[in-house]
Amino acid sequence: MGQVSAPGQLDRREAVARLLANRKDLLVITGLGSPSYDAMAAGDHENNFYLWGAMGSAAMMGLGLAAARPKHSVLVITGDGEMLMGFGALATIALRRPANLTIAVLDNGHYAETGMQVSHTGRGISLDQVARTCGFAWTAEIRDMPGVDDLRARLTVHDGVKFACIKITADTPPRVLPPRDGVHVKNRFRAALGYGTI
């Protein structure tokens, strides 16, 4: 097993709040657990689709949404554990090249939802390098707030699929739970996109 890597220094709630500031019509898919709590803490929004299950699928949901709504900017906010579970999605997304999709991974180097075990990224796997190798148009490892600001500025520029690994501290702030009614979340999101409920 690899050596444990140094943790990030960014506060997850501050980073997500900054990323979602002045978001306008940005469409956001949040991964299971803490990324959903972080987005909710930044302010509930009808253009947020919170995942309560289906671990590993946030990035692929983002791909589907980006393909269906090519004029919208789509942001996936997920964690390193979920992205590791959906590793193969990076290759598929890179091949499809949705210019309006950005994946932002909140990387604390731990599986926070299951007891803070050290994850693969905590032992040296660089998710941004994996995305770059797959062929993402732009990748970055972000360790400071100016980097978050740079990422936010890129969200609405549809010049290629983007991937950012945001290095955050390994803490667990209090949960801010988004709506837990999946039908409500789905119908609200569909309505925000101009579709009827089903």
> Applying the Karplus parametrisation 6.51 cos²θ - 1.76 cosθ + 1.60 with θ = phi - 60° to the phi angles of the range 139-150, what ³J(HN,Hα) value in whole Hz is obtained for each residue in order, glycine and proline being reported as x?
Replying inline: 9, 7, 9, 10, 10, 8, 5, x, x, 5, 4, 5
>> Give me the net charge for the shell around Arg13: Cβ to Cβ below 11 angstrom, other residues only, Lys and Arg +1, Asp and Glu -1.
In response: -2
> What residues qualify as long-range amide H neighbours of Phe49, i.e. H under 5 Å apart, gap of 5 or more or another chain, H built at 1.01 Å from N?
Replying inline: Val28, Ile29, Thr30
> Given the rule -39500 (n - 2.57) for each run of at least 4 DSSP H residues, summed and divided by the residues of the chain, what is its mean residue ellipticity at 222 nm, to the nearest 500 deg cm²/dmol?
Replying inline: -10500 deg cm²/dmol
> Mind listing the phi-derived Karplus ³J(HN,Hα) values for the range 10-17, rounded to whole Hz, using 6.51, -1.76 and 1.60 with θ = phi - 60°, and x for any glycine or proline?
Replying inline: 7, 6, 4, 5, 5, 5, 5, 4
>> From the phi angles alone, apply the Karplus equation (6.51, -1.76, 1.60; θ = phi - 60°) to the range 71-79 and give each ³J(HN,Hα) in whole Hz, x where the residue is Gly or Pro.
In response: 8, 8, 8, 10, 10, 9, 10, 9, x
> Sorted by average packing, counted as other Cβ atoms within 10 angstrom per residue and highest first, what order do 29-39, 174-184, 62-72 take?
Replying inline: 29-39, 62-72, 174-184
> Under the classification rounded if a/c is under 1.5, otherwise prolate if a/b is larger than b/c and oblate if not, where does the range 28-84 fall, given a ≥ b ≥ c as square roots of the Cα gyration tensor eigenvalues?
Replying inline: oblate
> For the chain, modelled as a Gaussian network with Cα springs under 10 Å, which listed residue fluctuates most, Ala170, Ala131, Ala58?
Replying inline: Ala170
> If you roll a 1.4 Å probe over the heavy atoms of the protein chains, what accessible area per residue do you get for the chain, in Å²?
Replying inline: 45 Å²
> In the chain, what percent of the accessible surface is made up of carbon and sulfur (1.4 Å probe, ligands and nucleic acids excluded)?
Replying inline: 55 percent
>> Taking the Cα centroid of the range 144-162 and of the range 17-74, what is the distance between the two, rounded to the nearest whole Å?
In response: 15 Å
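The values are calculated or read from the model by the stated rules, or taken from the named source; none is laboratory data. As the structure is a prediction and not an experimental result, all values here were calculated from the model. In this analysis, Cβ positions are derived from the backbone assuming ideal geometry, glycine residues included, and neighbour counts consider all displayed protein chains. The protein model used for the area step is the full one, side chains on, heavy atoms only, and it has no ligands, DNA or RNA in it. Shrake-Rupley method; radii C 1.70, N 1.55, O 1.52, S 1.80 Å.
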